[in-house]
Amino acid sequence: MWGSATVLMLVVWGIYHVCQRNAVLADVGFCLGFALIVLGSGWLATGDPYKRSVVSLMGAVYGFRLAGHLYWGRVRRMPEDRRYQALRARWGHRAERWLFLYFLGQAPAIVVMSLPLLVLMNNANALWSLWETLGVAVWIIGVSGEGIADRQLMRFHRDPANTGKVCRDGLWRYSRHPNYFFEGVLWCGYVLMGVGRPNGWITLVGPVLMIGSLLKVTGIPLAEAQAIQSRGDAYREYQRTTSVFIPWFPKP
């Protein structure tokens with residue numbers, strides 16, 4: 001898996017280096033790699049055929065949807081994400097070297113994040129438990145909510161009248177990062193599906209790493225810093241009134 005993911009990311013790096021000078025392609029590559037690895041694992045896993053088909057389909061839907069959203073919404077139609085622009089400025093003349101390592105770093109990330117699904121696909125029990133049914137329901141809520149939040153934000157940014165403004169449409173009225181919240185929710189769905197299963201604890205890898213990264217590393221901290229830089233007091237007011245992660249009613 002690691003080798004296949006590495007080859008994919010080298011191809012994505014080539015596309016970035018030759019055609020689209022937009023580092024968001026690294027995120028697109030992660031999503032594509034995740035979807036392809038999960039689909040391939042669905043053929044090779046030893047679990048119940050129906051269950052591994054369902055789990056591999058879940059992973060593919062998540063990966064392909066997010067890859068399409070990032071490519072068509074962030075690579076083709078928008079300038080490079082300000083977070084990557086800031087990294088370029090910080091790295092200076094070493095930027096391309098560090099970006100190359102960042103692209104390659106997506107390969108082990110793909111493998112690690114696919115582990116929860118591999119555990120579920122190796123479940124040989126053909127009977128569906130209540131936990132598995134609940135997990136699928138939570139996953140549906142998560143992937144649907146993330147898709148809705150992404151579309152609402154994209155629609156807001158496409159309107160020239162909203163330039164420099166803060167999106168408060170739909171789910172963005174109740175959370176400053178509803179897409180990140182629902183991303184965490186869908187990964188928790190896999191944890192529920194692993195309850196009572198051999199090696200089910202491995203499913204915790206998904207939400208722990210993903211939510212931790214979104215809250216503390218590459219997600220919210222960088223996004224909020226760039227939002228304050230570009231929108232100033234308007235975004236500070238948004239921070240004061242709106243929950244950062246978990247959707248909740250805004251303050252007056």
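Every read-out reported here was derived from the displayed coordinates using simple, explicitly stated rules and does not represent laboratory data. Here the structure is a predicted model, which is why all the values come from computation and not from measurement. Counting neighbours? That spans all protein chains shown, and the Cβs are built from the backbone with ideal geometry, glycine included.
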Those lysines that a straight Cα-Cα span of less than 29 Å connects to LYS216, excepting residues fewer than 8 apart in one chain = LYS165, LYS251
Quick one: what do you get for the chain if you divide its Cα Rg by 2.2 N^0.38 Å?
-> 1.05
Cβ crowding within 10 Å averaged over residues, with 197-204, 96-103 ranked highest first = 197-204, 96-103
Mind checking the dipole of the stretch 31-106: about its Cα centre, +1 per Lys or Arg Cβ, -1 per Asp or Glu Cβ, Debye to the nearest 20?
-> 340 debye
Can you give the calculated 222 nm mean residue ellipticity of the chain, where each DSSP H run of n ≥ 4 adds -39,500 (n - 2.57) and the sum is split over every residue, rounded to the nearest 500 deg cm²/dmol?
-> -23000 deg cm²/dmol
Neighbourhood charge, 10 Å Cβ-Cβ cut-off, centred on TRP98 and excluding it, Lys, Arg +1 and Asp, Glu -1 = +3
Would you work out which of LEU115, CYS167, THR203 lies farthest towards the positive end of the dipole of the chain? Charges go on Cβ: Lys and Arg +1, Asp and Glu -1.
-> CYS167
The stretch 1-124 - Kirkwood radius from inverse mean 1/r over Cα pairs (Å) | 15.1 Å
Between HIS157 and ILE141, 0.36 nm times their residue separation minus their Cα-Cα distance comes to what?
-> 3.3 nm
Across the stretch 206-211, in residue order, what do the Karplus-derived ³J(HN,Hα) couplings come to in whole Hz, using 6.51 cos²θ - 1.76 cosθ + 1.60 with θ = phi - 60° and x for Gly and Pro?
-> x, x, 4, 6, 5, 5
If Lys and Arg each add +1 and Asp and Glu each add -1, what is the summed charge of the other residues whose beta carbon sits under 13 Å from the beta carbon of ALA149?
-> +2
